[in-house]
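Data block below; observations after.
The values are calculated or read from the model by the stated rules, or taken from the named source; none is laboratory data. Owing to the predicted nature of the structure, the values given are computational and were not obtained by experimental measurement. Here Cβ is always computed from backbone atoms with ideal geometry, including for glycine, and neighbour counts include all displayed protein chains. Ligands, DNA and RNA are excluded from the accessible area calculation, which covers all protein heavy atoms including side chains. Shrake-Rupley method; radii C 1.70, N 1.55, O 1.52, S 1.80 Å.
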Amino acid sequence: MSEQFEPNIVAFLCNWCSYAGADLAGTSRTHYPANLKVIRVMCTGRINPLFVLNALQQGADGVLVSGCHPGDCHYMEGNMYARRRFRLMKDLLEYLGVDSRRFHMSWVSASEGGKWKEVVEKVVDEVSEIGPFEQFKREKINW
Amino acid sequence: MVDLETIRKKAKEIVSREDVKHLIGWRKGTFGYRVTPYWVEAPEDAEELVYSPLCNTNLATSLTLAEKLPLPKGQEPDRRKTALLVRGCDSRAVVQLLTERGVDREQVVLLGLPCRGVVDLRKLKDSYPEDNEVADAEWKEDKIVLNVSGEKKEIPREEVLDDHCLVCRYPNPVEADETLGEKVEPWAEESHPGVEELENASFDKRWDFWEKEFERCIRCYACRNACPMCYCEDCILDRLNPTWIYRSNNYSENTAFHIARAFHLVGRCVSCGACERVCPAGIPLGKINQKLVKEVREKYEFEPGTDPEGVPFQASYNPQDQEDFIL
Amino acid sequence: MSEKPRVGVYVCHCGINIAATVNVEEVVEFASRLPGVTVVRNYAYMCSDPGQQLVREDIENENLNRIVVASCSPRMHEITFRRTLQDAGLNPYYLEMANIREHCSWVHPDSEEATPKAKKLVSAAVSKARMLEPLEEKEVDSERTAMVIGGGIAGIQSALDIADAGYQVYLVEKSPSVGGRMAQLDKTFPTLDCSACIMTPKMVDVANHPNIELMTYSEVEEVNGFIGNFEVKVRKKARYVDIDKCNGCGECADNCRVKNRIPNEFDANVGKRSAIYLPFPQAVPAKFTVDPDHCLYLTKGKCGKGPKCQEVCGTGAIDFEQQDEEVEVKVGAIIVATGFDTFDPSNKPEYGYQDYPNVITGLEMERLVAASGPTGGELLIGEGENARKPKKVAFIQCVGSRDASVGNEYCSRVCCMYTAKQAHLIKEKIPDAEVTVYYMDVRAFGKGFEEFYDRVRREGIRYIRGNPSEIFKKDDKLIVKVEDTLTATPREDEADLVVLAVGLEPRQDARGVIDLLRLSQTSDRFFMEAHPKLYPVDTSTDGVFLAGCAQGPKDIPDTVAQAKGAAASAMIPLSRGKVKVEAQTAEVNEATCRGCGFCTEVCPYSAIELKTINWFGHEVNVAEVNEALCKGCGTCSAACLSNSIQPRSFRDSQIMPQIAALGVKS
């Protein structure tokens, strides 16, 4: 096994801050690893914590949730609810034995293209360290 | 504490009221230590009520389980109240349901009972096996007295009480229209047995533990049905579009089921332990719930089922909520 | 699902922006094998007209019913392509975009990385597109009226513009008269116009305008509804004077038993008034008001043998039985022009504002030099016989601005220039006065500012660069202790009068306005605009606009410009008579909703309410979304334990296929 493990990471981004921040990273031609793929939602408040679970089950090696800094939420307070929900989802996953490096949450504003790059690099690095997620990945089902 | 005759007398009185439909309590089951929820529809039924350390179901569940069958056109729904025997944990479940509008306070009559904890039947299994004979138990100060086939055995409470009851801080009802008997002095400090042990283990060790537990799950959903908080008529975990969890019984789907179940109870679990007691596979579900109860209390200073006027935890936030985990 | 999805996938080259790193051919080949995909094309610029034409033709010829465009960010061109779909007769919400430029080709220079990722993104987009649903863009009628909160120059200008355009305006002002801060000023920089002379005609205009209903001495109590249909409750406070009868003669004030004993707020508390008062002679409306906090009759229940004002009033206008009155009005748009407060210098005790009477604020200075002010424009220090003209005047800049220690990191934008103006006025009134300005930087950025600053310096005003550390008293002189930072010389300068150029702060009661209108604040606590550059007068609440210093410190021309901008924006719903409501709103499944109310609690817009429905004979509670209020954030859906409330276009059933597509190992 000389080939390096390339993790597959699913990220949920809010439309107004983090998705725009990632767009800015693009327009500024920042470079970062391609392991992370983004699903756009309108607000972090929309992200059902069970999506994290679902992503891990469906083959993601790591998950990132990113939204607006406190006070910046386009919908005023969606990120506040998300902060609570994901803190506890993270606690629960870790308690059951899922490495704390698999799931991350970040605040990235529309102006933080540079921070987005750093966040992606950190998440990719950490998930690369722990290797593929096998714990409760869904078994291939042949209908 | 309280004697059975007082309860039965009071129950009779309540059921006789015109505005009360029925009273939900417990009665003896058909064999062994089993005790089952019991709907007292008429005053004379009250004679069958029991109240003992064997009453291990949370009666608040019965409130939300009541099915609303379609009514023939023109027929008015029965608007009479439901009466309920409540101990600390039952009443906390009712209070939590009040905050979630699952119950209308005007529609329930709560008859409070102090409680010294219920027996975990699995702890009795080896030393005091159950047979087809109907057996009995009662509290006697710090002991539990078992009465199996006429033979009485006194056992220290600590040996046979359910883990949840050992650390119960709410032995008396937090909400009731009337509470019978004398209040019980709480006996426990806040603690979450078994949780810290796992917290101190490595991720791999934790997963080794849970993987074995979840592998045994037969997905009978008894935990879900026994829980007073799991009251969705159509659980998302049963749905096909979208399919959150496949029906296949394997550790992946089982784990996902247990994570989803526990997560839905964040800030709602009242620590009654009903889920764990009914689990036929003996999965320590309380250990998952207790972890979240602990986090919610430590990080957010929230205790479900204690404030009928409170805003549900999952529907609130504090601008100062901690965020040290956020990048 | 009514019809089988027939997906068209369009991969854009974006010139070479995408094509240089993403192997477009490979992506096209990959996409053609995805389930439900009927047509796959690539084109140099999908957003160009020929590019859009491709989509339109395929929709027609190939009967496509879902479109995936793999190109730039949806934040860039989603609207463009939605219109394309609409032009071709397809519901615009049948569009999904895969961002293979900003999130792929531009950030992954290696084609080996970018191409597989582009495929993944396309695959996820197709998975979601298959599950999309048609949405209806609804419109509701808009009231053709507006409300302006705040009767300063910003509010007055907004109200006049809207009223001139022919719409009814309610102008609500908290104090007894319109005019606001501008009416308190003596001259305006850099033109030295008399502030009152340019302000009072406008004040009279708002009072006389047939389309303006002036509500002075009134406060907004409650705001419900949404853009086009706000319902506003306004409390008209009791003046204890019948304004229809009052002719403004002033006999009452002259005879008041506490005459000249109450600090006049309008004069920055340097002048005194009676308990029944007109804030200033040009007040609009020119009607007297009883101050309920100081009137003897109202506070003690007794005023001599009877209130003298009542006795002398020739028209019998004074009515101590008057009660607050609540009125409700419906408006289509609201402009918030609540203005500012000045920084309270007692928060910087080293300047001795509370200890020394000769340390005053810039606003107090305005009133002292104003011809209509308490001293008739004569600037004197000391009391009675000792009263004399100050010979040494010191100005200290940036008091409460650019100062993290008091929590105001921002520049207040007007203090440099109002200080220069006041320095000039002092020189004008007392030519031999020695005037010194202590500054950090002089910011003379506006039209004519630098020229004015130059002029003032040539008039002999001394500018010393340094932020004074302390003001103390030595004998009967004030001493300003400062380091001249240009020469690194510590100085202790004498002064007869020190003027603190206090900065601008959000109104003390700004929080109440925020809660009423669901606004946000920026970190400086001023109201937040929807976008700092592109939506400077809009707010996060549709239909609510900002004008003037409520949004941040600014001078009069900027305020007027912004007020006109806010008026123009507010008139959009008014003139159309209709407002669009968000199409991607949340929808409730009444069959599974358990009526727990989590969604109603978390909804930032209070757009969800519980209603009782008849469920086969039973009364059950379920959530109901007010689609006009819902902004589609979806916070409700993640709070819902039975997933019974779902935002359209971002449903679980639309997101989970995306997760599945991304989860597949490539």
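Here the condition is being open to solvent by 40 Å² or more (accessible area, probe 1.4 Å) and of a type in the set (Gly, Ala, Ser); of C:317, C:337, C:286, C:370, it holds for C:286 alone. Scanning the range B:211-226 for residues that are open to solvent by 70 Å² or more (accessible area, probe 1.4 Å), assigned to a helix (DSSP H, G or I) and more than 12 Å from chain A (Cβ to nearest Cβ) yields B:216, B:225. None of B:177, B:208, B:163 is in contact with a Gly (Cβ under 9 Å, 6 or more places away or on another chain), within 14 Å of chain A (Cβ to nearest Cβ) and open to solvent by 30 Å² or more (accessible area, probe 1.4 Å) except B:208.
When the range C:197-209 is filtered for residues that are touching a residue at least 12 places away in the same chain (Cβ under 8 Å) and either over 14 Å from residue C:183 (Cβ atoms) or open to solvent by 70 Å² or more (accessible area, probe 1.4 Å) (or both), the ones remaining, listed by number, are C:205, C:209. Looking at residue A:60, is it part of a helix (DSSP H, G or I), under 23 Å from residue C:99 (Cα atoms), under 13 Å from the mean Cα position of the chain (by Cα) and at the interface with chain C (Cβ under 7 Å from one of its Cβ atoms)? No: the conditions fail for residue A:60. Under the condition of being within 14 Å of the chain's Cα centre (by Cα) and within 12 Å of chain A (Cβ to nearest Cβ), the residues counted in the range B:286-298 number 2.
Among the residues of the range B:227-241 satisfying the criterion of being over 18 Å from the mean Cα position of the chain (by Cα) and more than 9 Å from chain C (Cβ to nearest Cβ), which is least open to solvent (accessible area, probe 1.4 Å)? Even if it seems obvious, please write down each step before you answer.
Residues of the range B:227-241 that are over 18 Å from the mean Cα position of the chain (by Cα), as a first pass: B:233-241.
Okay, now just the ones that are also more than 9 Å from chain C (Cβ to nearest Cβ), so B:237-238, B:240.
Numbers: B:237: 13, B:238: 52, B:240: 123 Å².
So, considering only residues that are over 18 Å from the mean Cα position of the chain (by Cα) and more than 9 Å from chain C (Cβ to nearest Cβ), the one least open to solvent (accessible area, probe 1.4 Å) is B:237.
All of (1) of a type in the set (Lys, Arg); (2) more than 11 Å from every other protein chain (Cβ to nearest Cβ); (3) open to solvent by 30 Å² or more (accessible area, probe 1.4 Å); (4) in contact (Cβ under 8 Å) with a residue 60 or more places away in the chain hold for residue C:611 with one exception: (4). Would you mind telling me which numbered condition in (1) away from chain A (no Cβ under 12 Å); (2) in contact with a helix residue (DSSP H, G or I) (Cβ under 8 Å, 6 or more places away or on another chain) residue B:265 fails? Looking at each condition in turn, residue B:265 falls short on (1). Filtered by the rule that a residue be at the interface with chain C (Cβ under 7 Å from one of its Cβ atoms), assigned to a loop (DSSP other than H, G, I, E, B) and surrounded by fewer than 21 Cβ atoms within 10 Å (Cβ to Cβ), the range A:25-57 gives A:29, A:30, A:31, A:32.
Just to be sure before I move on: is residue C:29 without any contact (Cβ under 8 Å) to a residue 60 or more places away in the chain, open to solvent by 60 Å² or more (accessible area, probe 1.4 Å), out of contact with any helix residue (DSSP H, G or I) (no Cβ under 9 Å at 6 or more places or on another chain) and not in a loop (DSSP other than H, G, I, E, B) in the structure I sent? So residue C:29 passes the test. Scanning the range A:99-131 for residues that are assigned to a loop (DSSP other than H, G, I, E, B) and at the interface with chain B (Cβ under 7 Å from one of its Cβ atoms) turns up just one, A:99.
Which of the residues that make up the range C:453-490 are open to solvent by less than 50 Å² (accessible area, probe 1.4 Å) and either of a type in the set (Val, Ile, Thr) or in a loop (DSSP other than H, G, I, E, B) (or both)?
Pass one, the range C:453-490, residues open to solvent by less than 50 Å² (accessible area, probe 1.4 Å): C:453, C:456, C:460-461, C:463-464, C:466, C:468, C:471-472, C:478-480, C:482, C:484.
C:456, C:460, C:461, C:464, C:466, C:468, C:471, C:479, C:480, C:482, listed by residue number.
Here the strands (runs of 3 or more DSSP E) wholly within the range B:132-202 that include at least 3 residues being among the hydrophobic types (A, V, I, L, M, F, W, C) are B:143-148.
Of everything in the range C:585-608 that is among the aliphatic types (A, V, I, L, M) and out of contact with any Pro (no Cβ under 6 Å at 6 or more places or on another chain), the residue that is surrounded by the fewest Cβ atoms within 10 Å (Cβ to Cβ) is C:591. Residue under question is residue A:96, and the condition is that it be more than 7 Å from every other protein chain (Cβ to nearest Cβ), at negative phi and at pLDDT below 95; does it hold? For residue A:96, the condition - more than 7 Å from every other protein chain (Cβ to nearest Cβ), at negative phi and at pLDDT below 95 - is not met. Checked against the criterion of being open to solvent by 30 Å² or more (accessible area, probe 1.4 Å), more than 30 Å from residue A:54 (Cβ to Cβ) and not small (Gly, Ala, Ser), the range C:619-630 has at least one qualifying residue. For the structure I just gave you, tell me whether residue A:83 is facing chain B (nearest Cβ under 8 Å), open to solvent by less than 10 Å² (accessible area, probe 1.4 Å) and over 17 Å from residue A:10 (Cα atoms). For residue A:83, the condition - facing chain B (nearest Cβ under 8 Å), open to solvent by less than 10 Å² (accessible area, probe 1.4 Å) and over 17 Å from residue A:10 (Cα atoms) - is met.
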